[in-house]
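Scroll down for the structure; my scribbles are underneath it.
The values are calculated or read from the model by the stated rules, or taken from the named source; none is laboratory data. Bear in mind the structure is a predicted one, so any value in this text is a computation, not a measurement. Glycine also receives a Cβ, built like all others from the backbone with ideal geometry; neighbour counts cover every protein chain displayed.
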Amino acid sequence: MDIARTPSTPDGNPEMADAPPTPKEPPLIRREDYRPFDWLVPKTHLDFALGLETTRVTATLKVERNPAGLPTPEIRLDGDGLTPLEVAVDGQVLNSWTLDDGKLVVPLSGEAHEIRMVTEISPAANSQLMGLYASNGMLCTQCEAEGFRRITFFPDRPDVLSTYTVRMSGDPEAFPVLLSNGNPVASGEDAGGHWAEWHDPWPKPSYLFALVAGDLVARKDRFTTITGREVDLAIWVRAEDLDRTGHAMESLKHSMKWDEEVFGREYDLDQFNIVAVGDFNMGAMENKGLNVFNTKYVLADAETATDGDYDGIEGVIAHEYFHNWSGNRVTCRDWFQLSLKEGFTVLRDQLFSQDMRGEAVKRIEDVRLLRSVQFPEDSGPLAHPIRPDSFREIGNFYTSTVYNKGAEVIRMMRTMAGPERFRQGTDLYFERHDGEAATCEDFIRAMEDGAGLDLAQFRLWYSQAGTPKVEVSLEHEGDTATLTLRQTVPPTPDQPDKQPMPIPLRLALFDRATGTHRGEELVVLDQVESVVRYGGFAERPVLSINRGFSAPVAIERSIDPEELVFLAKHDDDAFARYEAMQELIVGHLVTTVGGGLSDAARSEARGAIGEALRAVVTDDRLDDSMRGELMMLPAQSYISEQFLVADPGAIHAEREALKAWLGQTLEAELTALHRRASGQSSGMDPAARGARKVKTQALVFLAAGNPQAAATLAAAQYDAAETMTDRQGALMVLTGLPGPERTHKLIDFYNRFQGDALVIDKWFSLQAGSLHPNVIEHVKALAGHPDFTLKNPNRVRSLYMAFTGTPLGFHAESGEGYRMIADLILALDPINPSTAARFVPPLGRWRRLEPKRAALMRAELERIGAQPGLSRDTFEQVTRSLG
Ligand code: TRP
Ligand code: ZN
């Protein structure tokens, strides 16, 4: 519908004027409908007269016809909530423009024009945190994916690359620091206060635009690139946060060096700026030369950040920095190609962190995340391929599938090619597509040509959703071991039938007598079924398969627990040792939850797990960091995945019962481990970090086994803590226990860190995610706490995301937990739709739950869906979840 600029009542048609507005479904955008934009925008000039309440934006676009487009008589510019104050073409004010569903339509007849548009926006009123918004008195932007259209009218799509010049002016008191992309070119004073102009020489899509204005200070440093160019580095924060930026700066310098060495990628501007903001929808954003970060991924010191927080910062700093090549220099043609930059960049940050902190532990962490978040996504109503085919709101596709499964898919190419040939593939990709907006297909072709892979069938990983299942069986007869592999790819929404995909499996056959194998091999299962025979095994060998998690699949096999104990002890692939422990425990829990075990069988199975865990706890060849991984019980969500319909209460009960039994049975060993680890220093070296990890792991088991004694031990760990890791670990255990220590330490923690937003987030999240039976009451009370606000995404997530993981809270049999999350979504949707929509997936699990909970969950989704005026974001997630 065309809406004229001056809306007039349609005279003589009263019915039409009175007709109720038809609630219209947000349109479905399809990948196959891609068409290039009809215009090129070689140059963009933006002028910002900055103010918190009102910012006036003057955008001047040089446009020319795109030879690859159609000869249209107009240009259609995206806009979201904007009204132009003035539009001029080639210097002439023009009144013949129209607004069509928020888009500005300007008639254009020639080959090339200059369009000038003036808009006014209100950053202080921008609670969505998309576009230009105010945070803590400063101004900042978030434009990915479609936020730029909330700042000015523009072809807000990633395949329109333009060179930006940005002038900002404003009150020097409120905004002493003015930053934008690229390099600073000029600054000065004028009537409005002061101003600065920045120029970014690299053409970029609008989603990479950024501006920051505020009262900030910087930690500054320098980096000399491999070719000897000097780069000024700065991390901008509020003055009181400056001494918590050291780790972020170190991480940045390590990332820059690593990308030169491992991927041959050099930085390409004179400056690299990072700004930390407290109000942010996600982790961070890779705007060219001006990354904007959630404070959570910048600020750290030992007192306020855990070892996990340090790792998170290192990983996210690397991730955003690496986007400079995988995302910025080579960007995406359209948003269906999102995994082109995200999957690849996640792989790059994973490999970086592996090199910084050790391969095995990092790999285990990544697989744990994939299994507990991506696998459930892939088996639920929101399942989609890493390259989706359609969306209504692209914000809903920044998913674990696009990011983490996307990384796994590229990792498989690397596994098949080997690191050297993989590097030749990425070199070719960057060389071929530098300065372009590329597709996943372009990446695949560069891999075929550069790495020498045939990826014809492998392309299915981009188009088929669902986690493949590989059934494995090993027969032994005479001296031959026969391995049979059989794959199925489960049906997913809109994809009932699947084709077999190439699945690269690293495997080894262990000789029981010697505890060794003859060498690892890579088997690529590219058919439904495949049989491989191995001779020379007088005795039945033990199979170690999907080593290093070479493929993102679910392995199904019936294996003797005794063989898993063998692998947990002897496998020389660290991931495989972890995997054997997990398989042992998951197998046991699935059987007990199913009610299929006699008491005798249960105690035999527990005995095997107990022995394996005892070996892990006491094996002095293991370093503590790896020991901590091996000690971790499989996540509730991963165990639930093993059931067609799960009973969260029953799974939780069995998991806790096993934990308690292990805590009691191994009390002596665990106590000794805790004591030994408590003697370690509070430093940041691997040994000290490993000690902290096992300390809290030991406490978790001990607390399940003997809550009283463990509460005392946890309180002591809390009191003695010199690091947030120890303090948070102890408090985490205490929040799950009844008793006075819980209350005392929660009060102490709050008082100690009051006013430190990131630490208070932990305080919320520890209580909201706890195993305490009254967690629902706690969360309700916390929602009314003066420090709680729906306006800050970190705070919202710290209370409610943590809660969605609680079996006794979220999954309470009464349905109250589901209702609380539905209420949250309804309250948050008008404030911050992209954050609100992220709470829908936990409610989308209903089909995989036992019938009572399933009905309660579904009813909440329906209640949300019935709300008039839902955002596109929430609407899409709810309809897909019900569908
Ligand atoms: N591209 C960013 C990253 O992966 C993430 C991102 C996408 C984002 N959309 C966002 C961040 C919206 C904040 C808000 O690094
Ligand atoms: Zn990213």
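From the list ARG371, ARG348, the lone residue that is within 16 Å of ligand 1 (Cβ to nearest atom), assigned to a helix (DSSP H, G or I) and either crowded, with 23+ Cβ neighbours inside 10 Å or not β-branched (Val, Ile, Thr) (or both) is ARG348. The numbered conditions (1) more than 29 Å from the chain's Cα centre (by Cα); (2) assigned to a helix (DSSP H, G or I); (3) not hydroxyl-bearing (Ser, Thr, Tyr) are all true for GLU240 except (1).
Of the candidates ALA615, ALA601, ALA574, the single residue that is of a type in the set (A, V, I, L, M, F, W, C), over 26 Å from GLY805 (Cβ atoms) and buried (at least 18 other Cβ atoms within 10 Å of the Cβ) is ALA574. Among the residues examined, TRP325 does not qualify as within 13 Å of ligand 1 (Cβ to nearest atom) and out of contact with any Gly (no Cβ under 8 Å at 6 or more places or on another chain). Scanning the range 449-461 for residues that are surrounded by fewer than 17 Cβ atoms within 10 Å (Cβ to Cβ) and under 10 Å from LEU428 (Cβ atoms) yields one hit, ASP449. Residues that are surrounded by fewer than 19 Cβ atoms within 10 Å (Cβ to Cβ) and hydrophobic (A, V, I, L, M, F, W, C) were ranked within the range 682-720; the one that is farthest from ARG244 (Cα to Cα) is ALA709.
Residue count for the range 331-345 satisfying the condition of being assigned to a helix (DSSP H, G or I) and either near ligand 1 (Cβ under 10 Å from one of its atoms) or not aliphatic (A, V, I, L, M) (or both): 10. The set of residues in the range 222-236 being without any contact (Cβ under 8 Å) to a residue 24 or more places away in the chain and under 28 Å from ALA145 (Cα atoms) is empty. The sole residue among THR488, THR415, THR492, THR482 that is surrounded by 14 or more Cβ atoms within 10 Å (Cβ to Cβ), of a type outside the set (Lys, Arg) and either over 15 Å from PRO552 (Cβ atoms) or over 26 Å from the mean Cα position of the chain (by Cα) (or both) is THR488.
Checked against the criterion of being over 25 Å from ALA855 (Cα atoms), touching a Gly at 6+ places or on another chain (Cβ under 9 Å) and not small (Gly, Ala, Ser), the range 805-819 has no qualifying residue.
Filtering ALA218, ALA210 for residues that are within 16 Å of ligand 2 (Cβ to nearest atom), at pLDDT 95 or above and either within 23 Å of the chain's Cα centre (by Cα) or farther than 25 Å from GLN350 by Cα (or both) leaves a single hit, ALA210.
Condition check ((1) touching a Ser or Thr at 6+ places or on another chain (Cβ under 7 Å); (2) surrounded by 14 or more Cβ atoms within 10 Å (Cβ to Cβ); (3) of a type in the set (Phe, Trp, Tyr)) across all residues:
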| position | (1), (2), (3) |
| --- | --- |
| PRO73 | yes, no, no |
| LEU77 | no, yes, no |
| ALA88 | no, yes, no |
| SER96 | no, no, no |
| GLU120 | yes, yes, no |
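Candidates in the range 248-280 are the residues that are over 20 Å from PHE344 (Cβ atoms) and surrounded by fewer than 21 Cβ atoms within 10 Å (Cβ to Cβ); of these, the one that is farthest from ligand 1 (Cβ to nearest atom) is ASP270. Looking only at residues of the range 321-331 that are within 11 Å of ligand 2 (Cβ to nearest atom) and not polar (S, T, N, Q), we find that the one that is farthest from THR415 (Cα to Cα) is TYR321.
Working only within the range 810-833, note down all residues that are of a type outside the set (A, V, I, L, M, F, W, C) and either touching a Pro at 6+ places or on another chain (Cβ under 9 Å) or modelled with pLDDT under 95 (or both).
Our first condition is that a residue be of a type outside the set (A, V, I, L, M, F, W, C); within the range 810-833, this holds for 811, 813-819, 823, 829-830, 832-833.
HIS811, TYR818, ASN832, listed by residue number.
Before we move on, is GLY596 part of a helix (DSSP H, G or I), out of contact with any Phe, Trp or Tyr (no Cβ under 8 Å at 6 or more places or on another chain) and free of Cβ contacts under 8 Å to residues at least 60 places away in the same chain?
Numbers: part of a helix (DSSP H, G or I): no; out of contact with any Phe, Trp or Tyr (no Cβ under 8 Å at 6 or more places or on another chain): yes; free of Cβ contacts under 8 Å to residues at least 60 places away in the same chain: yes.
Judged against the criteria, GLY596 is not a match.
Within the range 195-221, residues that are under 25 Å from GLY395 (Cβ atoms) sit with their Cβ atoms under 6 Å from residues that are among the acidic types (Asp, Glu) and crowded, with 19+ Cβ neighbours inside 10 Å, at 6+ positions apart or across chains, in these pairs: SER206/ASP156; TYR207/GLU144.
Scanning the range 537-588 for residues that are more than 14 Å from ALA513 (Cα to Cα) and in a loop (DSSP other than H, G, I, E, B) gives ASN546, SER550, ALA551, PRO552, VAL553, ARG557, SER558, ILE559, ASP560, ASP572, ASP573. Determine whether the range 354-366 contains at least one residue that is under 13 Å from the mean Cα position of the chain (by Cα), more than 12 Å from ligand 1 (Cβ to nearest atom) and surrounded by fewer than 24 Cβ atoms within 10 Å (Cβ to Cβ). The answer is yes; a qualifying residue exists.
Looking only at residues of the range 122-138 that are surrounded by fewer than 21 Cβ atoms within 10 Å (Cβ to Cβ) and on the phi > 0 side of the Ramachandran plot, we find that the one that is nearest to ligand 2 (Cβ to nearest atom) is ASN136.
Scanning the range 282-312 for residues that are within 12 Å of ligand 1 (Cβ to nearest atom), assigned to a loop (DSSP other than H, G, I, E, B) and surrounded by fewer than 23 Cβ atoms within 10 Å (Cβ to Cβ) yields a total of 2. Screening the candidates THR119, THR152, THR141, THR83 for the property of being more than 16 Å from ligand 2 (Cβ to nearest atom), assigned to a loop (DSSP other than H, G, I, E, B) and closer than 15 Å to LEU50 by Cβ yields one hit, THR152.
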